[in-house]
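Chemist: There's a structure below that I have some questions on.
The values are calculated or read from the model by the stated rules, or taken from the named source; none is laboratory data. Nothing here was measured: the structure is a model prediction, and the numbers come from that model. Cβ coordinates were reconstructed from backbone atoms using ideal geometry, including for glycine residues, and neighbour counts include every protein chain displayed.
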Amino acid sequence: MFALVMVSVGVAAGRAVRLDGAGRRALVFSGATRNSLVVLPLALALPPAFALAPVAVLTQTLVELVVMVVMVAVLERRPVTERRPVLERSSDSALDPDAA
């Protein structure tokens with residue numbers, strides 16, 4: 001569920017700030033990836049009453065890994081389209097500093 005939400009948020013945020021395809025991909029992957037292994041030492045240090053905490057952290061990491069593999073497979077089919085900067089697309093020569 002988290003990955004689906006974060007992919008949607010990443011795509012929307014990338015479009016809102018007009019990132020190119022590669023930038024949107026980076027934003028989506030950064031948002032959907034959590035650093036759960038950073039928490040693992042803390043989970044291992046918990047008292048025995050919380051013995052399942054490390055299992056939960058590792059399970060979350062494995063699920064995240066599967067999601068990342070699926071995302072790579074899906075995004076690999078879609079080519080990254082490089083967009084030219086707005087100034088290059090503009091037909092208004094007043095905006096182009098090299099048009100003088």
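Chemist: State all residues of the range 27-58 that are closer than 21 Å to Arg77 by Cα and exposed (fewer than 11 other Cβ atoms within 10 Å of the Cβ); if no residue qualifies, say none. Walk me through it before giving the result.
Modeler: Our first condition is that a residue be closer than 21 Å to Arg77 by Cα; within the range 27-58, this holds for 27-33.
The one that is closer than 21 Å to Arg77 by Cα and exposed (fewer than 11 other Cβ atoms within 10 Å of the Cβ): Ser30.
Chemist: May I pose another question? Does Arg24 satisfy the condition of being in a loop (DSSP other than H, G, I, E, B), surrounded by 14 or more Cβ atoms within 10 Å (Cβ to Cβ) and either within 13 Å of the chain's Cα centre (by Cα) or in contact (Cβ under 8 Å) with a residue 40 or more places away in the chain (or both)?
Modeler: Working: in a loop (DSSP other than H, G, I, E, B): no; surrounded by 14 or more Cβ atoms within 10 Å (Cβ to Cβ): yes; either within 13 Å of the chain's Cα centre (by Cα) or in contact (Cβ under 8 Å) with a residue 40 or more places away in the chain (or both): yes.
So Arg24 does not fit the description; no.
Chemist: For the range 12-21, how many residues are part of a helix (DSSP H, G or I) and at pLDDT 85 or above? I'd like the intermediate steps shown before the answer.
Modeler: Step one: of the range 12-21, the residues part of a helix (DSSP H, G or I) are 12-16, 21.
Narrowing further to those that are at pLDDT 85 or above: 12-16.
Here the count works out to 5.
Chemist: Then there's this: Which of the helices (runs of 4 or more DSSP H) found entirely inside the range 31-100 contain at least 2 residues meeting this: at pLDDT below 70? Even if it seems obvious, please write down each step before you answer.
Modeler: Values: elements: 40-44, 53-77, 86-89.
Where helices (runs of 4 or more DSSP H) fall fully within the range 31-100 and carry at least 2 residues being at pLDDT below 70, they are 86-89.
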